[in-house]
Amino acid sequence: MNVRGQREVARRDLPARPRVLIVGGGFGGLYAAQSLRRAPVDVTLVDRRNFHLFQPLLYQVATGGLSPGDISSPIRRALRKQRNARVLLGEVVGLDISERRARLADGESLVYDTLVVATGGTHHYFGNDAWAARAPGLKTIEDATEIRRRILLAFERAEREPDPARRRALLQFVIVGAGPTGVELAGAICELARDTLRDDFRSVDPREARVLLVEGAERVLPGYPPDLSTKAKRSLECLGAEVRPGTLVAEMDDESVVLEAGGQRERMDTRCVLWAAGVRASSLAKVLEKQAGAALDRAGRVVVESDCSLPRHSEIFAIGDIASFCHGLQTPLPGVAPVAMQQGRYVARAIARRLSGKGGAPFCYRDRGRLATIGRRAAVADFGRVRFSGLAAWILWSVVHIFFLIEYENRVLVSIRWLWNYVTRNRGTRLITGERDGS
């Protein structure tokens, strides 16, 4: 037998490398895949989209500041130099736990030795799912372009509306939920109306737009320290937003929303309601509950062990927005990008340690601070004992978000767009796409 034949036989005799299947190409899934680049495993990352989306900047797409391509990167490109990784386009809809197979929507299946579920979350309407069509949330590019369509169409319709009452209703925007997403949306819409669109119309003054931010808790940014919440509220009000903490949505239809506060109800005419009030786990959490006996919390998230694995199924990990991790904590970790990133890296290390026969410490989240932007030159930063707001926080927020974009090209494009927007106060991606509802 020649040398080449000997090599081929030897290669066939080698034991198959452990197969790691990662479901979801968001922060958790992508960071897990990249962190396994030197591990002796074969990695398969499957996602129903072919791109990684930088969700923290989706609100900029929704308000015309950035285009979808600015905050998206093809997953294949992100992993193109990683020889032990492959990317598949598909949607996992079922699991065979005993056979260790993941079933795809098209009927095919993928075999795994270790499964990492990182499929993120979706909007949570707290039992009022019928509101989804009337009040879109912000989780996908389609959500962002739909919100952008609704916002811009409101001004276009107001330009043609002769009736003052109907024009006021068209220019009244209600945002439900005053977490970071709600605060960012409210500030961006105020700036869009006050600065960007100020001279674009003839029959209506965009500055007449009313932006109402409602929050069920007693303050905006309830996860932040009270002093920063107060500063954020003050910044929003300086932009022209009306902030109503301690207010819930009781009813909603195509032309109005009913708000409830202190036992009193108020009906407000509006054609544009945006949802930023809650997140629940993706549908794969239900599959894990049924097939693997996983426990779910009130938000539908999978309750995991201290190493992010499922009880009684150490070969399955759940990370990011789909996971409920509360070991040593009073409340579960929030569904934010830094948590998913750290869990992705941790799980990759845990897999490598298992292969080498070593144990490992439980996952420990290192809170490196939180940032939220309100608008131009306005943001808040919380680093525990160090807290600040204003221009310094806004610059830091901008630098951090540019740094964590996956592709260098995206970083350059976003930097240029932001600089141009800052100088000109112009949001150049103001495209109305999709259905126009007969307008």
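Quick notes on this structure:
- For the pair residue 312 and residue 425, a Förster radius of 41 Å applied to the C-beta separation gives a FRET efficiency near 0.15, rounded to the nearest 0.05.
- For a straight C-alpha distance cut-off of 16 angstrom, the aspartates and glutamates reachable from residue 81 (same-chain residues fewer than eight places away being disregarded) are 42, 407.
- Inter-site label distance for residue 391 and residue 105 at 7 Å from Cα along Cβ, in nm: 4.9 nm
- Restriction of the GluC sites (Glu not before Pro) in the stretch 192-254 to DSSP coil positions whose beta-carbon has at most 13 other beta-carbons within 10 angstrom yields 218.
- Listed by chain and number, the lysines whose alpha-carbon sits under 23 Å from that of residue 358, ignoring those within fewer than 8 places in the same chain, form an empty set.
- Links that overshoot a 32 Å alpha carbon limit, given the list 231/286; 139/290; 233/286: 231/286; 233/286
- Average Cα contact separation per residue, the stretch 330-381, under 8 Å, 6 or more apart, as relative contact order %: 22 percent
- Pairwise label distance in nanometres, residue 159 with residue 298, each label 7 Å out on the Cα-Cβ vector: 4.6 nm
- Averaging 1/r over each pair of different alpha-carbon atoms in the chain and inverting the result gives 23.4 Å, the Kirkwood hydrodynamic radius.
- Over the stretch 129-277, volume per residue of the alpha carbon convex hull, in Å³: 109 Å³
- When exposed loop sites are taken as trypsin sites (Lys or Arg not before Pro) in a DSSP loop with at most 11 other Cβ atoms within 10 Å, the longest stretch of the chain clear of them is 84-201.
- Ranked list, fewest to most other Cβ atoms within 10 Å of each Cβ, for 395, 374: 395, 374
- Table column - 3J(HN,Hα) (Hz), the stretch 403-409, Karplus curve with 6.51, -1.76, 1.60, x for Gly and Pro: 4, 8, 5, 5, 9, 4, 4
- Taking all Cα pairs closer than 8 Å and separated by 6 or more residues, the relative contact order of the stretch 129-277 comes to 32 percent.
- The angle between the Cα long axis of helix 141-160 and the longest principal axis of the Cα atoms of the chain comes to about 10 degrees, rounded to the nearest 10.
- With the simple model of a label 7 Å out from the Cα in the direction of the Cβ, residue 82 to residue 261 spans 4.7 nm.
- Relative contact order (percent, whole number), the chain, Cα cutoff 8 Å, 6+ residue spacing: 19 percent
None of the figures in this text is laboratory data; all of them are computed from the coordinates on show. Worth saying up front: this structure is predicted, and the values here are computed from it rather than measured. Methodologically, a virtual Cβ is constructed for each residue, glycine included, from the backbone with ideal geometry; neighbour enumeration extends over all protein chains shown.
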